[in-house]
Amino acid sequence: MNVTDAIQSRISTRGFLDRPVCEEKVREVLKVARWAPSGGNLQPWKVHVVMGAGRARLIATVTKAIGDNPFADEAELAIYPPKLGEPWRSRRFAVGEEMYALLAIARDDKPARLQWLLKNYQFFGAPVGLFFSLPRQFDKGQWAHLGMFMQSLVLAAADKGLATCMQEAWAARAKTVSAFLGLSDDEQLYCGMALGYADPDAPVNKLRSSREEVDAFATFIRK
Ligand SMILES: Cc1cc2nc3c(=O)[nH]c(=O)nc-3n(C[C@H](O)[C@H](O)[C@H](O)COP(=O)(O)O)c2cc1C
């Protein structure tokens with residue numbers, strides 16, 4: 001798979017086959033991803049991988065913590081700004097509506113939407129979960145490096161036939177997850193990720209989000 005194909009064919013996969021991914025394969029993906037660049041070569045990223053009984057234990061812990069309070073928010077970072085303006089608001093709305101249409105969940109069916117959102121906390125059925133964190137002393141520069149690492153990982157996974165979904169939803173469970181993973185107080189959890197084999201029959205995997213044309217975001221200064 002060439003780089004262009006990997007970038008353009010990658011999607012956020014939200015339906016996975018019940019097919020394990022061996023540790024060796026996860027290690028191969030991580031071995032490639034570590035070649036992501038970082039300013040000063042700080043390599044500020046840390047990754048925790050949950051699989052097998054570890055994954056089951058984490059899901060059980062988080063499910064218990066969610067309990068009767070699915071809206072409890074342990075996030076330290078706002079996933080979106082409180083007042084998301086245009087054009088970002090419309091883009092967010094559009095991709096959400098397209099996803100719920102594929103899932104055949106109506107707009108006003110709040111319980112069904114909630115049940116779907118809670119599937120994040122089961123990695124959408126993926127056999128492997130990854131968590132990404134950074135030392136708290138780092139600021140925006142290093143957060144960008146972590147992003148580069150995550151995208152590199154996703155592309156390396158795609159090259160091996162593996163599907164992924166980045167999951168900032170886990171940030172809403174940051175305290176519970178950080179305690180489970182044994183992160184020190186100096187380490188801040190950013191995001192989770194589901195990793196596994198895509199279920200080709202899952203309707204939600206038919207979602208193809210749109211992108212703006214180049215001239216909508218790029219400015220060429222020619223003179
Ligand atoms: C950092 C990050 C966090 C995300 N968190 C979630 C999440 O918690 N749950 C989810 O279903 N999708 C999540 N997504 C997927 C985005 O919704 C998705 O990337 C976007 O709609 C574009 O679709 P595509 O990835 O299929 O191209 C996340 C994506 C990124 C980059």
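The values are calculated or read from the model by the stated rules, or taken from the named source; none is laboratory data. Only a predicted model underlies this, so the values are computations on that prediction, with no experimental measurement involved. Heads up, the Cβs are rebuilt from the backbone with ideal geometry, glycines too, and the neighbour counts pull from every protein chain shown.
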What tally of residues in region 175-184 results from selecting those that are in contact (Cβ under 8 Å) with a residue 24 or more places away in the chain and either surrounded by fewer than 20 Cβ atoms within 10 Å (Cβ to Cβ) or more than 16 Å from V47 (Cβ to Cβ) (or both)?
-> 5
Would you be able to say whether some residue in region 85-106 is modelled with pLDDT under 95 and either closer than 30 Å to R19 by Cα or charged (D, E, K, R) (or both)?
-> no
Can you confirm whether region 116-132 contains a residue that is surrounded by 12 or more Cβ atoms within 10 Å (Cβ to Cβ), under 22 Å from V26 (Cα atoms), more than 14 Å from the ligand (Cβ to nearest atom) and within 19 Å of the chain's Cα centre (by Cα)?
-> yes
What is the one condition in (1) more than 14 Å from the ligand (Cβ to nearest atom); (2) modelled with pLDDT of 95 or more that D139 does not satisfy?
-> (2)
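Quick one: which helices (runs of 4 or more DSSP H) lie wholly within region 1-90 and hold at least 1 residues that are among the aliphatic types (A, V, I, L, M) and surrounded by fewer than 13 Cβ atoms within 10 Å (Cβ to Cβ)?
On the way: elements: 3-9, 23-33, 52-66.
Counting at least 1 such residues, we get 3-9, 52-66.
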Test result for P111, surrounded by 21 or more Cβ atoms within 10 Å (Cβ to Cβ) and more than 12 Å from the ligand (Cβ to nearest atom) = no
Check A216, A169 and return the single one that is hydrophobic (A, V, I, L, M, F, W, C) and farther than 24 Å from T63 by Cα.
-> A216
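Listed residues G196, G192; which is closer than 25 Å to V21 by Cβ, away from the ligand (no atom under 12 Å from the Cβ), under 13 Å from the mean Cα position of the chain (by Cα) and at pLDDT 95 or above?
G196
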May I ask you to say which residue of R19, R10 is in contact with a strand residue (DSSP E or B) (Cβ under 8 Å, 6 or more places away or on another chain), of a type outside the set (G, A, S) and within 16 Å of the ligand (Cβ to nearest atom)?
-> R10
With G85, G67 as the choices, which residue is away from the ligand (no atom under 16 Å from the Cβ), under 27 Å from L146 (Cβ atoms) and small (G, A, S)?
-> G85
Does A172 fit the bill of being more than 13 Å from the ligand (Cβ to nearest atom) and under 16 Å from the mean Cα position of the chain (by Cα)?
-> no
Please name all residue pairs, on different chains or six or more residues apart, with Cβ atoms under 6 Å, provided the first residue is in region 90-113 and is in contact (Cβ under 8 Å) with a residue 60 or more places away in the chain and the second residue is part of a helix (DSSP H, G or I) and not aromatic (F, W, Y).
-> L102/P203; L102/V204; L102/K206; L103/V204
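Within region 150-163, work out how many residues are within 15 Å of C22 (Cα to Cα) and touching a helix residue (DSSP H, G or I) at 6+ places or on another chain (Cβ under 8 Å). I'd like the intermediate steps shown before the answer.
Filtering region 150-163 down to residues within 15 Å of C22 (Cα to Cα) leaves 157, 160-163.
When the remaining residues are screened for being touching a helix residue (DSSP H, G or I) at 6+ places or on another chain (Cβ under 8 Å), the result is 157, 160, 162-163.
Residues flagged as within 15 Å of C22 (Cα to Cα) and touching a helix residue (DSSP H, G or I) at 6+ places or on another chain (Cβ under 8 Å) within region 150-163 amount to 4.
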